[in-house]
Amino acid sequence: MPVFKTENEHFIYDGKKITIISGAIHYFRVVPEYWRDRLMKLKACGFNTVETYIPWNFHEVKPNKYQFTGQADVAEFIKIAQEIGLFVIVRPSPYICAEWELGGLPSWLLRDPNMQLRFSYQPYLDKVDAYFDMLLPILQPLLCTQGGPIIAMQVENEYGSYGNDTEYLKYLKAKMIEIGMDVLLFTSDGAEDAMLQGGMVPETLETVNFGSKPREAFKKLKEYQTDQPLMCMEFWNGWFDQWGKEHNVRDAEDVANVLDEMLQENGSVNFYMFHGGTNFGFYNGAVLFDKYEPTITSYDSDAPLSESGEPTEKFYAIREVLERHFDLPPLELPKKIKKKHYGTVEIKGQANLFDSLDVLSEAIHRINPATMEQLGQDYGFILYKTKVTGPRNKAKLTLQDVHDRALVFLDNQFVGVIERWDPKSLEVDIPSEGAELSILVENMGRINYGPYLKDYKGITEGVRLGFQFLYDWTIYPLPLNDLSHLSFEKVIEQNGPSFSIITITIDELADTFVELNGWTKGVVFINGFNLGRYWSKGPQQTLYLPAPLLKRGENEIIIFELEKRNKTTITLSDIPNLG
């Protein structure tokens, strides 16, 4: 079988020197029907390799409950790449970052209050071992040493940005070798002293991640690793977006110039991202530096291929640079995927959340509010209810602490919002007969990068009126996995969080974009599939709806609106709006 290895400052495949020109495409952010299209466009741009993370939480959805079919069929994605003629780099590190929920770590790890993440803590390592025992044998037949396309595998991801337990890294490497991962193993870190010192493993190729100044980055890498190939494992040619901020864009010419400089340095490269895709469902992550900031549903990332797979100006600028350095065949793109404007459609029924609790959830009683993790819930929303005695005039309601965004109601009447990044108290009046206090908390995505990965969701400590903690709670976990039992009634003015249903009959299937002008904040479901979150504060104003999620005939759209809609319609447009 052909061997991929390093030899002095070069990558060698089947005895010949090669430069790796790779692009990141995450199978878990793209519907499977479009994997081939996106990979063909990567090849057409002049790339010879595709790179993908493998998110643990996407595959081990519950402890010892695995999924490797449908959108989780990573083996099929890799096989398609091989059919197209691409090498594959996989990054199955227990932790991936990737602006993905909890950096790919399963939130069920946090059900153990003593759990420690990303170092040599045996209960954590035991969970990693069990996962790798399932995952790595699936990858093993796809290694280049077995005739497959996988040429390299990452041990851990940017570990030097998190810690310096090199024994942990050695443990992961040894586990990979034990299960037969006999391909090139590598690590990747920022091009800084502390990061390289904390993230490198002896006799393991180190790569660096950066967005600019490749000469400086490669020079720093050479201080720690000599006589090895230079590779940028993440060339940040674009950037992800966060709610309430501007849509990130980067000049195509600037990207092309940095790529050209990298190639002049005899470097190999992996574009992060080549095609970003979409954070479907509740899988978006968040960061916490100065404050908590969740990532939006779109993972367009201003990449060479847009969220819906369209080649951008950046695509063609990159292709021009590669044509100057390599002998490429003529550009040939696959057939264009149709986009369609289906028009404006009216909602035909609605269901109030408070009236639907018994069909969506099973009530749990606790003295103190419990977190999602304590109740075995991973994603979505959680509702806390308690009876407050009165009278109490101008009492200050405090959530200690809320993760991440809470809507507060008294007797089902909206009082206000308390947000993690703006943890103000609300002033409430309790009448003499008392009132029912309801707090609906949204998990907006667990932190995926940095020192605060143990990000519990819901109300993490308690609820106070003044200095008095409130006890005796009825709790409704709301993962919203199944909305099929909702009962929809006639459309009236919205009063509190509610579900709206729309049906649309479609003859011709095409990609489209859901416009929610006049709606505030919530989640859209199409034929039972969670398309993702919307929020009028932007930057994105449309949700990408790929054609394979539609069907000929009647389609059902359910919208969970948390706050207020000023319209009873949505529009399915052929034009995206990412702000």
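The values are calculated or read from the model by the stated rules, or taken from the named source; none is laboratory data. These numbers were taken from a predicted model, which means no experiment stands behind them. Glycine gets a Cβ as well: all are built from the backbone with ideal geometry, and neighbour counts include every protein chain shown.
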Could you list, in sequence order, all residues of the stretch 1-33 that are out of contact with any strand residue (DSSP E or B) (no Cβ under 8 Å at 6 or more places or on another chain) and β-branched (Val, Ile, Thr)? Val31
Can you tell me which residue within the stretch 335-344, out of those that are touching a residue at least 12 places away in the same chain (Cβ under 8 Å) and surrounded by fewer than 17 Cβ atoms within 10 Å (Cβ to Cβ), is farthest from Pro311 (Cα to Cα)? Thr344
With respect to Glu7, determine if the residue is at pLDDT 95 or above, buried (at least 19 other Cβ atoms within 10 Å of the Cβ) and among the charged types (D, E, K, R). no
Out of curiosity, is Lys17 surrounded by fewer than 23 Cβ atoms within 10 Å (Cβ to Cβ), outside any loop (DSSP other than H, G, I, E, B), touching a residue at least 12 places away in the same chain (Cβ under 8 Å) and of a type in the set (Lys, Arg)? no
Within the stretch 562-570, does at least one residue satisfy the condition of being surrounded by 16 or more Cβ atoms within 10 Å (Cβ to Cβ), without any contact (Cβ under 8 Å) to a residue 60 or more places away in the chain and in contact with a strand residue (DSSP E or B) (Cβ under 7 Å, 6 or more places away or on another chain)? no
Val428 fails exactly one of the following numbered conditions: (1) aliphatic (A, V, I, L, M); (2) surrounded by fewer than 16 Cβ atoms within 10 Å (Cβ to Cβ); (3) free of Cβ contacts under 8 Å to residues at least 60 places away in the same chain. What is the number of that condition? (2)
What number of residues within the stretch 210-250 are under 18 Å from Asn164 (Cα atoms) and either of a type in the set (S, T, N, Q) or touching a residue at least 60 places away in the same chain (Cβ under 8 Å) (or both)? 1
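Matching residues to (1) within 25 Å of Ile12 (Cα to Cα); (2) among the acidic types (Asp, Glu); (3) touching a Pro at 6+ places or on another chain (Cβ under 7 Å):
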{"site": "Leu86", "(1), (2), (3)": "yes, no, yes"}
{"site": "Cys97", "(1), (2), (3)": "no, no, no"}
{"site": "Leu102", "(1), (2), (3)": "no, no, no"}
{"site": "Ser107", "(1), (2), (3)": "no, no, no"}
{"site": "Met115", "(1), (2), (3)": "no, no, yes"}
{"site": "Gln122", "(1), (2), (3)": "no, no, no"}
{"site": "Phe132", "(1), (2), (3)": "no, no, no"}
List the number of the failed condition for Arg36; all other conditions in (1) in a helix (DSSP H, G or I); (2) of a type in the set (Lys, Arg); (3) touching a strand residue (DSSP E or B) at 6+ places or on another chain (Cβ under 8 Å) hold. (3)
Evaluate the stretch 513-528: report whether one residue or more is farther than 14 Å from Phe280 by Cα, of a type in the set (A, V, I, L, M, F, W, C) and touching a helix residue (DSSP H, G or I) at 6+ places or on another chain (Cβ under 9 Å). no
Among the listed residues Leu437, Leu483, which satisfies the condition of being farther than 25 Å from Tyr283 by Cβ and either modelled with pLDDT of 95 or more or in contact with a Lys or Arg (Cβ under 6 Å, 6 or more places away or on another chain) (or both)? Leu437
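Given the condition more than 23 Å from the chain's Cα centre (by Cα), of a type in the set (Lys, Arg) and more than 20 Å from Ser500 (Cβ to Cβ), answer yes or no: does some residue in the stretch 561-573 qualify? Before the answer, list the steps.
First, the residues of the stretch 561-573 that are more than 23 Å from the chain's Cα centre (by Cα): 563-573.
If we keep only those that are of a type in the set (Lys, Arg) too, we end up with 564-565, 567.
Filter again for more than 20 Å from Ser500 (Cβ to Cβ), leaving none.
No, because not a single residue in the stretch 561-573 is more than 23 Å from the chain's Cα centre (by Cα), of a type in the set (Lys, Arg) and more than 20 Å from Ser500 (Cβ to Cβ).
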Within the stretch 53-112, work out how many residues are acidic (Asp, Glu), in a loop (DSSP other than H, G, I, E, B) and surrounded by 24 or more Cβ atoms within 10 Å (Cβ to Cβ). 1
Is one or more of the residues making up the stretch 243-252 in contact with a strand residue (DSSP E or B) (Cβ under 6 Å, 6 or more places away or on another chain), assigned to a strand (DSSP E or B) and either surrounded by fewer than 21 Cβ atoms within 10 Å (Cβ to Cβ) or not charged (D, E, K, R) (or both)? no
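Anything in the stretch 26-53 that is of a type in the set (A, V, I, L, M) and out of contact with any Gly (no Cβ under 8 Å at 6 or more places or on another chain)? List them, or say none.
If the condition is that a residue be of a type in the set (A, V, I, L, M) and out of contact with any Gly (no Cβ under 8 Å at 6 or more places or on another chain), then Val31, Leu39, Met40, Ala44 are the ones that fit.
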Would you mind finding the one in Thr460, Thr389 that is more than 30 Å from Thr297 (Cβ to Cβ), β-branched (Val, Ile, Thr) and in contact with a strand residue (DSSP E or B) (Cβ under 8 Å, 6 or more places away or on another chain)? Thr389
Could you name every one of the strands (runs of 3 or more DSSP E) located completely within the stretch 303-383 that has at least 3 residues being closer than 30 Å to Ser484 by Cβ, of a type outside the set (Lys, Arg) and at pLDDT 95 or above? 343-346, 349-352
The one condition Leu397 fails out of (1) more than 21 Å from Gln374 (Cα to Cα); (2) of a type in the set (A, V, I, L, M); (3) free of Cβ contacts under 8 Å to residues at least 60 places away in the same chain; (4) buried (at least 21 other Cβ atoms within 10 Å of the Cβ) is (3)
